[in-house]
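One structure is given here, and the rest of the page talks about it.
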Amino acid sequence: MAGIQARFHIDWPGFTLDVDLDLPARGVTALFGHSGSGKTTLLRCIAGLERAPHGQLRVNGEVWQDDSHWLPTHKRPLGYVFQEASLFPHLTVLGNLRYGLKRTNAAARVSLDQAIALLGIAHLLDRQPEHLSGGERQRVSIARALALSPRILLMDEPLAALDLQRKQEILPYLERLHSELDIPVLYVSHAPDEVARLADFIVALEGGRALACGPLGETLARLDLPIRLGEDAGVVLDAVVAERDATWHLARVTFPGGSLWVRDGGHALGSAVRVRILARDVSVALHPVFDTSILNCLPATVDQLAPDDHPALMLLRLKLGDSPLIARLTHRSAAGLGLAPGQQVWVQIKAVALIG
Ligand SMILES: Nc1ncnc2c1ncn2[C@@H]1O[C@H](COP(=O)(O)OP(=O)(O)OP(=O)(O)O)[C@@H](O)[C@H]1O
């Protein structure tokens, strides 16, 4: 069976991990949740650094753990990238990349050269780690993990130790991981913007349990998650750049069910991009409103209503054609408009972030 099947139960005083997950065979799966929700513990179970009694782990059909098997960490073909890059200071970048290569098999899936190209570090090979920026060091760490031809790449908040500028520098390289690697990447993060940008699949953890597990777009559009995401509640849509308006520095992106004007990010026509629309930036009207400063006004259908975490507020899921959208409204507004499932409305979208 392809993909990762992971079932773990650990009881510690004050914390229980209890998960039964079926994760995709490729692409980036974000393990997302607040501090203490169990993200690192789950990653450590997969790496074999934590032993959950009666746990089960299969990676692309291979048993790494069940009642009769236990593959020790050093025998698990995995790459592990930590918050802080831990390079050997006495070796050059190339020396660091080559370290440990002898234990990989000949059928290397990601060769050293590919890893160097993917992370854009060819010009750094002769440098010592102390002469690299934090972002460069982390790119070398990721390349080193990939050079070992892992069957799975585990990344534990690889950007957490970097400042904003370094994060921006490394994100484009991480984006490539979900399009260019054919192994699964498990990516621990508690930053919703990082998850929106990098993940294909998401596991939302809370108190050691998986609150939600599914493809990014549809999982973020569930109404039981936003209540926990607070200000970060919103959807991510996969779109294509259809038109560029040089006069106003705008681009029109299309997605199943409509199109939106966004700030031109310099993408070529036809490029695949992601757009993120936060629930707080969506408002609803019964009629189209075009004499406003808001550029994007689209027809939509009310799908579902749900309470929010403040008694004044509610969440509304809408459909823009086949694509979901979430709006955060007051109960008073919703009652005033008489909103109900199936109703045709117009949505105004105050801000759209182009994230890919
Ligand atoms: N060896 C251990 N023994 C007992 N409790 C532990 C052990 N390791 C971690 N914990 C507890 O398990 C819980 C989950 O920790 P974990 O590090 O997995 O969370 P996390 O979601 O990765 O958090 P963060 O985002 O802060 O890294 C925490 O309450 C932690 O204190």
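For the subset of the range 50-72 comprising residues that are within 20 Å of ALA145 (Cβ to Cβ) and surrounded by 14 or more Cβ atoms within 10 Å (Cβ to Cβ), which member is farthest from the ligand (Cβ to nearest atom)?
ASN60
Look through the range 295-307, keep the residues that are closer than 20 Å to LYS319 by Cβ and among the aliphatic types (A, V, I, L, M), and return whichever of them is surrounded by the most Cβ atoms within 10 Å (Cβ to Cβ).
Only one residue fits best here, namely ALA300.
Among the residues that make up the range 98-112, is at least one of them at pLDDT 95 or above, more than 16 Å from the ligand (Cβ to nearest atom) and not basic (Lys, Arg)?
No, that holds for no residue.
For a quick check of your reading of the model, give me the residue pairs whose first member lies in the range 140-159 and is small (Gly, Ala, Ser), whose second is within 16 Å of the ligand (Cβ to nearest atom), with beta-carbon atoms closer than 9 Å and at least 6 apart or on different chains.
Listed pairs, sorted by first residue: SER141/VAL81; SER141/PHE82; SER141/GLU84; SER141/PRO158; ALA145/TYR80; ALA145/VAL81; ALA145/LEU154; ALA145/MET155.
For the range 32-49, enumerate the residues that are more than 8 Å from the ligand (Cβ to nearest atom) and outside any helix (DSSP H, G or I).
PHE32, GLY48, LEU49
Whether any residue in the range 331-354 is free of Cβ contacts under 8 Å to residues at least 60 places away in the same chain, within 27 Å of the chain's Cα centre (by Cα), outside the structural domain of ARG176 (by the TED database) and crowded, with 16+ Cβ neighbours inside 10 Å is what I want to check.
Scanning the range 331-354 turns up no residue that is free of Cβ contacts under 8 Å to residues at least 60 places away in the same chain, within 27 Å of the chain's Cα centre (by Cα), outside the structural domain of ARG176 (by the TED database) and crowded, with 16+ Cβ neighbours inside 10 Å.
In this structure, does GLY14 turn out to be crowded, with 22+ Cβ neighbours inside 10 Å and within 16 Å of the ligand (Cβ to nearest atom)?
No.
Taking the range 153-169 as the region of interest, how many residues are surrounded by 22 or more Cβ atoms within 10 Å (Cβ to Cβ) and either touching a strand residue (DSSP E or B) at 6+ places or on another chain (Cβ under 6 Å) or within 19 Å of LEU101 (Cα to Cα) (or both)?
Count: 4.
Yes or no: LEU78 in contact with a strand residue (DSSP E or B) (Cβ under 9 Å, 6 or more places away or on another chain) and at pLDDT 95 or above?
When the stated conditions are applied, LEU78 does not pass them.
Please verify whether ALA25 is part of a loop (DSSP other than H, G, I, E, B), surrounded by fewer than 21 Cβ atoms within 10 Å (Cβ to Cβ), away from the ligand (no atom under 16 Å from the Cβ) and more than 19 Å from the chain's Cα centre (by Cα), treating the condition exactly as stated.
No, not satisfied.
I'd like the full set of residues that are crowded, with 19+ Cβ neighbours inside 10 Å and either more than 16 Å from the ligand (Cβ to nearest atom) or not assigned by the TED database to the domain that holds PHE8 (or both), limited to the range 73-85.
Correct list: ARG76, LEU78, GLY79, ALA85.
When PRO172 is evaluated against the numbered criteria (1) in a helix (DSSP H, G or I); (2) crowded, with 23+ Cβ neighbours inside 10 Å; (3) not β-branched (Val, Ile, Thr), which criterion, by number, is the only one it fails?
Here PRO172 clears every test but (2).
How many of the residues making up the range 175-212 are assigned to a loop (DSSP other than H, G, I, E, B) and either under 15 Å from LEU153 (Cα atoms) or away from the ligand (no atom under 16 Å from the Cβ) (or both)?
Summing the residues that are assigned to a loop (DSSP other than H, G, I, E, B) and either under 15 Å from LEU153 (Cα atoms) or away from the ligand (no atom under 16 Å from the Cβ) (or both) in the range 175-212 gives 5.
Looking at (1) surrounded by fewer than 18 Cβ atoms within 10 Å (Cβ to Cβ); (2) of a type in the set (Gly, Ala, Ser); (3) within 16 Å of the ligand (Cβ to nearest atom), which is the one condition that is false for ALA2?
The number of the failed condition is (3).
The values are calculated or read from the model by the stated rules, or taken from the named source; none is laboratory data. Note that this is a predicted model, so its numbers are computed, not measured. Cβ: placed from backbone, ideal geometry, glycine included. Neighbour counts: every protein chain shown.
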